[in-house]
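Right, one structure below, let's go through it.
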Number of protein chains: 4
Amino acid sequence: MPSEFSVRRRIEFSETDMAGIVHFSNFFRYMETVEHAFYRSLGFSVVHDQHNPPIGFPRVHASCDYSKPLRFEDEIEIRLRVIEKKDKALTHQILFYKLAGERTMEVARGKLVVVCVTKGTDGRMAAVPIPKDIADKIEIMEPEPPLARG
Amino acid sequence: MPSEFSVRRRIEFSETDMAGIVHFSNFFRYMETVEHAFYRSLGFSVVHDQHNPPIGFPRVHASCDYSKPLRFEDEIEIRLRVIEKKDKALTHQILFYKLAGERTMEVARGKLVVVCVTKGTDGRMAAVPIPKDIADKIEIMEPEPPLARG
Amino acid sequence: MPSEFSVRRRIEFSETDMAGIVHFSNFFRYMETVEHAFYRSLGFSVVHDQHNPPIGFPRVHASCDYSKPLRFEDEIEIRLRVIEKKDKALTHQILFYKLAGERTMEVARGKLVVVCVTKGTDGRMAAVPIPKDIADKIEIMEPEPPLARG
Amino acid sequence: MPSEFSVRRRIEFSETDMAGIVHFSNFFRYMETVEHAFYRSLGFSVVHDQHNPPIGFPRVHASCDYSKPLRFEDEIEIRLRVIEKKDKALTHQILFYKLAGERTMEVARGKLVVVCVTKGTDGRMAAVPIPKDIADKIEIMEPEPPLARG
């Protein structure tokens, strides 16, 4: 995965709120959608996992900065970059773009920090190193620099 | 449970859509909320179950008829009546009322048909009789007659 | 629209519940997704409407019968048939299929009854005839016959 | 509002995901619930607003740090502190506690940064000072210090 990973989707009616825009909590669902698609692109599923014992990636931090609203039927592109890879954790930067003809416009950017865990023999979750077959496929990228305001 | 069971809630912003009203799918979430509160009132939890093997109540049918919209900050009462009790299935009628001072106004009515299941030794779900300790506590009621339309 | 209309999607993690399957309320969101895509295929948007005054299609009835569960990463096809066209209302039958290689398997079927409304000069919603340019494009189909249970 | 503001709720089944815990995006819905209840406690509603022109508080930043999972039927308390009050913006710290008998246990903490806006004569949203009648009622608090880890 030497480059940015992205998915596209169209905003659904049920994702809007009475302000006429996408509810801010839904950006976090979109982040997860691109994250899971990214894992699939590496041949890994958070559910259909071939590792023994199975691993998962619960999030310890999630954040989003909003610059423009999204509306019903907008077409968007969501781009993921792994900006930090530690032994047991990954940090994803996730950029939201609204597509409008030839132009794309950034509307929000988020961050997910996830930790690799597995269930110990005592039934409790514990952080473990990311399996080598997955870690080796993940290349880190520079974060997108902040938008100039003004 | 010789009589109607009810819960109250206030409509949240994230439950509205860009039409300014509660999204129609959320009425089904509300139905489940009153259903689970009803089970708790019988001393039963769909999750923390004391039966062996554990049972669950997946739905095989859900429906709703909408007569008036609900809006942000509306206070509502959701009433559940068990209108049919079979050996392995229950039918719940669920009535939605908007509270406005002394008055209450019906805004929607729904129906859930749920089947009692457990996991067999082969790992597959199979319908089983509702345990006697639960079934004995459930009294059926007449369904609320349809609203006269005028 | 002489034939069935359909869309495909992949089940997202946030659509599942602790039973490990798609929460039953989400089938109603999926129904709306295919309904809106169907309108777009007719050149009509429930939001970007060219009619004057603008029209909308609030639902007065929604129902679903569930036969099999859906799980994370399942690929599904959702098919819409207009099975009744009245002067002011449409009835959609909506069929859910799980795609698995060459095979497709029906997992649920739903129904939406929607009424054409517009806002009157007094600001209240009132049912109105479906505009001719939309109604003329909609062909009704036979409903899919019930599944034989065996 | 000289002190912390809080609301309680019970986790609903539809808020869980297939990992058996509350989906991380739902913490942002809960944040909004306590935020709106806080405004109501000041005599202000984001919807039924008495100001002219009406104001709103869209979020420009939302974040959450997760330390423990929440599960179905858990009872939680969500506490809001205004930790920064600027001319046109507020920063809310939001603390999530799981209630278990006498004990409460912090499970997550979030932050919302909201900006006061109104619609200009050109129809576009613009940041404006928080009305004095609202601003005067809001007292800022120290943020809760970070949890010691280890």
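If amide H atoms are built 1.01 Å from N in the plane of the peptide, which residues on other chains or at least 5 residues away come under 5 Å of the amide H of A:Val47?
Residues meeting the amide H criterion: none.
Suppose we consider the axis relating copy D to copy A; can you name the residue of D with the nearest Cβ and state that distance in angstrom as an integer?
D:Ser63, 2
Each residue of region B:83-92 in turn: what ³J(HN,Hα) in whole Hz from Karplus with 6.51, -1.76, 1.60 and θ = phi - 60°, glycine and Pro shown as x?
The phi angles translate into 9, 8, 10, 9, 4, 10, 8, 10, 10, 9 Hz.
What accessible area per residue comes out for region C:4-135, rounded to a whole number of Å², with a 1.4 Å probe?
That works out to 42 Å² for each residue.
Please say if the protein assembly as shown is rounded, prolate or oblate, where rounded means a/c under 1.5 for a ≥ b ≥ c the square roots of the C-alpha gyration tensor eigenvalues, and otherwise the choice is prolate for a/b larger than b/c and oblate otherwise?
Taking the square roots of the gyration eigenvalues as a ≥ b ≥ c, the protein assembly as shown is rounded.
Report, in degrees rounded to the nearest 10, the 0 to 90 angle that the Cα long axis of helix B:26-41 makes with the longest principal axis of chain B.
Helix B:26-41 sits at roughly 50 degrees to that axis.
Take the solvent-accessible surface of the protein heavy atoms, probe 1.4 Å, and return the percent of it on the protein assembly as shown that carbon and sulfur atoms account for.
51 percent
Please identify which residues in region C:38-62 have an amide N closer than 20 Å to a label point set 7 Å out from the Cα of C:Asp133, following the Cα→Cβ vector.
C:38-58
For a test of understanding, tell me how many lysine pairs in region A:4-135 have Cα atoms under 29 Å apart, given they are 8 or more places apart or on different chains.
Final tally of qualifying lysine pairs is 16.
To the nearest whole number, what is the average tally of beta carbon atoms from other chains within 10 Å of the beta carbons of peptide D:55-64?
Counting Cβ atoms of other protein chains within 10 Å of each residue's Cβ and averaging gives 5.
Using a 1.4 Å probe on the protein heavy atoms only, what accessible surface does A:Arg10 show? Give it in Å² to the nearest 10.
It works out to around 90 Å².
Simple spin-label model, 7 Å along Cα-to-Cβ: A:His51 to B:Ser45 in nm?
Computed distance between label sites A:His51 and B:Ser45 equals 3.0 nm.
Given a Förster radius of 22 Å and the C-beta distance between A:Glu102 and A:Lys68 as r, what FRET efficiency does 1/(1 + (r/R0)^6) yield to the nearest 0.05?
0.80
As a test of the definition: with a 1.4 Å probe, what buried accessible area, both sides summed, do you compute for D against C, in Å² to the nearest 100?
Numbers: alone 9000 and 9000 Å², together 17210 Å².
Buried: approximately 800 Å² between C and D.
Please report, for A:Asp136, the nm distances (one decimal) from its label point, 7 Å out from Cα along the beta-carbon direction, to the equivalent points in the remaining copies, shortest first.
Those label-point separations list as 6.3, 6.4, 6.9 nm.
What is the mean number of Cβ atoms from other protein chains located within 10 Å of the Cβ atom of each residue in peptide D:42-52, rounded to a whole number?
2
Could you tell me how far the Cα centroid of region C:92-130 sits from the Cα centroid of region D:96-150, in Å?
Centre-to-centre (Cα) distance: 39 Å.
Could you work out the relative contact order of chain A? I mean the mean sequence separation of Cα pairs under 8 Å and 6+ apart, divided by the number of residues, in percent.
Here the relative contact order equals 27 percent.
Could you work out, residue by residue across B:74-85, how many beta carbons of other chains sit within 10 Å of that residue's beta carbon, and then give the average as an integer? Display every interim value, and only then the final one.
Numbers: counts 0, 0, 0, 0, 0, 0, 0, 0, 0, 0, 0, 0.
The shielding value for this peptide is 0.
Work from the charge dipole of region B:4-135 (Cβ charges, +1 for Lys and Arg, -1 for Asp and Glu, about the Cα centre) and give the residue of B:His48, B:Phe5, B:Val82 farthest towards its positive end.
Highest projection toward the positive end goes to B:Val82.
For region B:68-139, restrict the atom set to alpha-carbon positions and state the Rg and Dmax in Å.
Reported Rg and Dmax, both Å: 17.1, 55.
Would you mind computing Rg(Cα) / (2.2 N^0.38 Å) for region B:4-135, counting N as its residues? Each step should come with its number before you reach the end.
Working: Rg = 16.4 Å, N = 132, 2.2 N^0.38 = 14.1 Å.
That ratio works out to 1.16.
Would you kindly work out, in nm and rounded to one decimal, the distances from the label point of A:Gln50 to those of the same position in each other copy, ordered shortest first, with label points 7 Å along Cα-to-Cβ?
4.7, 5.2, 6.6
The values are calculated or read from the model by the stated rules, or taken from the named source; none is laboratory data. Keep in mind that what you see is a predicted model, and the values were worked out from it rather than measured. Note: ideal-geometry Cβ built from the backbone for every residue, glycine included; neighbour counts use all protein chains shown. Each accessible area value is taken on the protein alone, full model and side chains, heavy atoms only, with ligands, DNA and RNA left out. Shrake-Rupley method; radii C 1.70, N 1.55, O 1.52, S 1.80 Å.
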